[in-house]
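Here is the structure we will look at.
The values are calculated or read from the model by the stated rules, or taken from the named source; none is laboratory data. None of these values were measured; they are calculated from a predicted model. Neighbour counts are summed over all protein chains in view; Cβ atoms, including those assigned to glycine, are modelled from backbone coordinates with ideal geometry. Ligands, DNA and RNA are stripped out before the accessible areas are found, and what is left, the full protein with its side chains, is counted by its heavy atoms. Shrake-Rupley method; radii C 1.70, N 1.55, O 1.52, S 1.80 Å.
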Amino acid sequence: GRKWRKLIETSWSSQQDDSSPSETQQNPKPTLSQYTTKETMASYLSAANAVQAKNGQLALPIHSSEGDVTIPVSFSHGNNPNPHADDIDHGVTRATYERGFSPYEFNGGTTLAISGPDYAVVAADTRLSSGYEILSRDVTKLHALTEKCVLGSAGCKTDVDQLRSVLDIKMKIYAHNHRKPMSTPSVAQMLSNTLYYKRFFPYYAFNVLAGVDAEGKGAVYSYDAIGSFERTPFSASGSGQSFLIPLMDNVIAHKNRCDEKRDLPSEEVVEIVKDAFVTAGERDIYTGDAVEIMVITKEGIKKEIFKLKAD
């Protein structure tokens, strides 16, 4: 660079020396700096004209992780021949494109609880899903809070785990303070209070609570997301809820039937639960693999696993 600049300056000075003084005065030769400035202005003007010629057209390439795009150049938006040129298309459509974070994830699953004269049956499938992907085929949705009370939860796995941890801590504090386990109606009220405490950022968990009360009768409690609850003959939650409730209305609640209603033994209720989950698994992709069934009596909890279809 410096050598070439020196050579050019030398040739320019020698040309000026050769020319006569009168010639130099009449037609002064431009200096190298003036020549360079003129060339720079010319290149700048040509570049500006080229950019002006691309007014409203895709001009500047941008490289990103989503792919290469071009930024439109627009100097007069009102005269823009292409009004959509200012929009960056993300490859699929020009509709609203949004990236957002959700703290919740629906991992599917179905729970069912049925109360009897001296027992309660609670069941849930073992499939853990995310969208169209099966993450696990052996994840329990049932959690024993006492020897006579079981919580069934479907929804977001992380929220369910956190809710169980909070409830376990409260159960331990109660046991230390009162030297006895909490009764099933008290657990139902504690669960309601816990859910309501998080009402502004609720646990994404759909709960049913089953157990036997102080009199040895079966008790089932149904909940919404923020703690409203009631004691019912049966309850279902999760992705297969809409398939189980009509069946339970007919078989358990005995609605719209002319035959005499009778008390069902726990063994028969367990078979009804198996048939119900087979039915739900046929229509709900988030229910399947196996159903975990717990029968709760005053003697304790009996557990059974029944295999479902794995597709």
Ordered by packing density, taken as the mean number of other Cβ atoms within 10 Å over each peptide's residues, highest first, how do 234-241, 165-172 rank? 234-241, 165-172
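Listed here are the pairs Lys148/Lys172; Lys157/Lys217; Lys255/Lys303; which of them are more than 23 Å apart at the Cα? List each step's numbers first, then the result.
Details: Lys148/Lys172 15 Å; Lys157/Lys217 31 Å; Lys255/Lys303 29 Å.
Too far apart for the 23 Å limit: Lys157/Lys217; Lys255/Lys303.
Where the accessible area of region 211-301 is counted over protein heavy atoms with a 1.4 Å probe, how much of it, in %, is carbon and sulfur?
Values: 2230 of 4610 Å².
Heavy-atom surface of region 211-301 belonging to carbon and sulfur, 1.4 Å probe: 48 percent.
Please give the net charge around Leu167, taking every other residue with its beta carbon less than 14 angstrom from that of Leu167, where Lys and Arg add +1 and Asp and Glu add -1. Don't skip to the end; give the middle numbers.
Details: positive: Arg164, Lys170, Lys172, Lys198; negative: Asp159, Asp161, Asp168.
Every neighbour counted, the sum reads +1.
Heavy atoms only, probe 1.4 angstrom, no DNA, RNA or ligands counted: give me Glu282, Glu215, Glu292 ranked by accessible area, highest first. If you can, show how the numbers build up before the last one.
Numbers: Glu282 115, Glu215 140, Glu292 10 Å².
Largest to smallest exposure gives the sequence Glu215, Glu282, Glu292.
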Reduced to Cα centres, the span from region 135-159 to region 246-305 in Å works out to 17
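Rounded to the nearest whole Å², what accessible area per residue is found for region 89-230 with the 1.4 Å probe?
Details: 7400 Å² over 142 residues.
Normalised by residue count, the accessible surface of region 89-230 is 52 Å².
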